[in-house]
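The values are calculated or read from the model by the stated rules, or taken from the named source; none is laboratory data. Owing to the predicted nature of the structure, the values given are computational and were not obtained by experimental measurement. When we count neighbours, we look across all protein chains shown, and the Cβ atoms used for this are built from the backbone with ideal geometry, even at glycine. The accessibility values were calculated without ligands, DNA or RNA, using every heavy atom of the protein model including side chains. Shrake-Rupley method; radii C 1.70, N 1.55, O 1.52, S 1.80 Å.
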Amino acid sequence: MITNLDAPRDWDGTGMPLSRLARLVTTDIDEVHDHMSRMFCPHDLRIEGGNPPIAFRHHQASLKSVTFNATDYGNPYGRVVVNIPPANALYLVQFSLSGVAQIAQEQGTIELSPGQMCVLDPDVQVKQTFGEGYKHFTVKMSKCGLESVLAQELGFRPRALHFSAQPVRLQGPAAAFAHLVRTICDDLDSGIAGFTHARACGTVEEALQRLLLAAVPHNYSELFDAPPSSPAPYYVRRVEDYIREHSRDPISLEEMIAVSGVSARSLHAGFRRFRDTTPMVYLKNHRLDLAHRQLKVAADEGLSVTEVALACGFTHLSKFARDYLDRFGERPSATLKRMNAH
């Protein structure tokens with residue numbers, strides 16, 4: 001029976017989250033540097049102010065592509081300086097648990113304090129300076145995964161996603177994001193396995209991704225935050241329902257026209273106006289999204305890319321691979337491999 005109800009107290013800065021999931025505890029700065037380079041990416045690390053003692057701790061837990069990290073350099077005085085090159089494939093969402101961090105990116109320098117969060121740009125170099133007693137919490141999120149969720153919401157694949165470099169107070173969607181992170185981590189620390197269940201963790205990760213997109217301003221916020229468009233006419237919805245029910249079966253344009261009950265011209269006009277696409281492209285994207293979801297659990301079910309593609313209605317495998325790459329930024333085999341790694 002789970003009896004650990006004390007974990008939430010560790011989030012006030014007096015302790016460390018994920019206390020039962022320590023990855024490294026050491027006083028050796030070289031060991032710290034090697035460990036953190038492997039956990040995140042190669043970077044430079046130094047301590048200013050002579051040669052002060054440290055009592056480093058790093059706690060970590062993971063779902064699939066999302067990793068939670070609590071870090072305390074254990075530096076009672078002096079400053080820890082970390083120079084991080086472009087992470088490229090990762091967004092790092094950072095919270096201050098105690099103390100203040102100075103974070104310098106291309107856009108300028110900010111101070112991150114308790115009660116705030118920020119997102120580090122994966123395409124630029126970042127310099128972080130931690131004051132004495134600083135503890136922080138970092139959520140490591142896949143760039144590919146986050147941009148895939150954004151593409152699903154927008155209905156098209158966007159260009160590079162860039163978040164504001166400014167800190168965001170933990171209120172509104174930012175508070176919801178932080179609360180969900182805390183709930184997940186407290187449960188993982190207590191040994192509750194629900195969030196890591198193969199049928200649940202993908203949905204949990206997508207909830208975190210959508211909350212982050214709502215919480216921190218970015219270059220697609222205006223579109224992401226816009227209210228849903230006006231309801232589509234009955235003939236568009238009728239074809240969408242048909243596609244959802246029969247997406248694994250061969251579907252021709254002629255069938256969709258017959259299902260809609262209107263002319264080919266009216267059907268195309270309706271999809272263009274209310275879905276900003278054509279009926280056939282809508283069908284293809286729906287099948288690609290279905291394949292993307294299936295590949296996330298294919299490893300657990302022992303399925304191959306070919307089996308997933310055929311099950312989702314694709315018959316030309318090379319074209320499927322190209323379309324999948326265009327929509328999600330990686331090949332289907334890469335998605336399957338990434339999911340196998342977790």
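Select from region 106-120 the residues that are open to solvent by 20 Å² or more (accessible area, probe 1.4 Å) and not β-branched (Val, Ile, Thr) and list them in ascending order. Correct list: GLU106, GLN107, GLY108, GLU111, SER113, PRO114, GLY115, GLN116.
May I ask you to list the residues in region 188-244 that are among the polar types (S, T, N, Q) and over 18 Å from the mean Cα position of the chain (by Cα)? The answer is SER190, SER229, SER230.
Just checking, how many residues over region 154-180 are out of contact with any strand residue (DSSP E or B) (no Cβ under 8 Å at 6 or more places or on another chain) and surrounded by 15 or more Cβ atoms within 10 Å (Cβ to Cβ)?
Taking region 154-180 and keeping what is out of contact with any strand residue (DSSP E or B) (no Cβ under 8 Å at 6 or more places or on another chain), we get 154-160, 171-173, 175-176, 179-180.
Narrowing further to those that are surrounded by 15 or more Cβ atoms within 10 Å (Cβ to Cβ): 157-158, 173, 175-176, 180.
Here the count works out to 6.
Would you check which residues across region 172-199 are out of contact with any Phe, Trp or Tyr (no Cβ under 7 Å at 6 or more places or on another chain) and free of Cβ contacts under 8 Å to residues at least 60 places away in the same chain and list them? Residues satisfying the conditions are GLY172, PRO173, ALA174, ALA175, ALA176, HIS179, LEU180, THR183, ALA193, GLY194, HIS197.
Here THR183 does not qualify as touching a Leu at 6+ places or on another chain (Cβ under 9 Å), within 17 Å of LEU63 (Cα to Cα) and open to solvent by 10 Å² or more (accessible area, probe 1.4 Å).
Under the condition of being farther than 15 Å from VAL149 by Cα, outside any helix (DSSP H, G or I) and open to solvent by 30 Å² or more (accessible area, probe 1.4 Å), the residues counted in region 283-342 number 8.
For region 32-43, does any single residue satisfy the condition of being more than 29 Å from CYS144 (Cα to Cα), of a type in the set (Ser, Thr, Tyr) and surrounded by 13 or more Cβ atoms within 10 Å (Cβ to Cβ)?
So in region 32-43, the residues more than 29 Å from CYS144 (Cα to Cα) come out as none.
There is no residue in region 32-43 that is more than 29 Å from CYS144 (Cα to Cα), of a type in the set (Ser, Thr, Tyr) and surrounded by 13 or more Cβ atoms within 10 Å (Cβ to Cβ).
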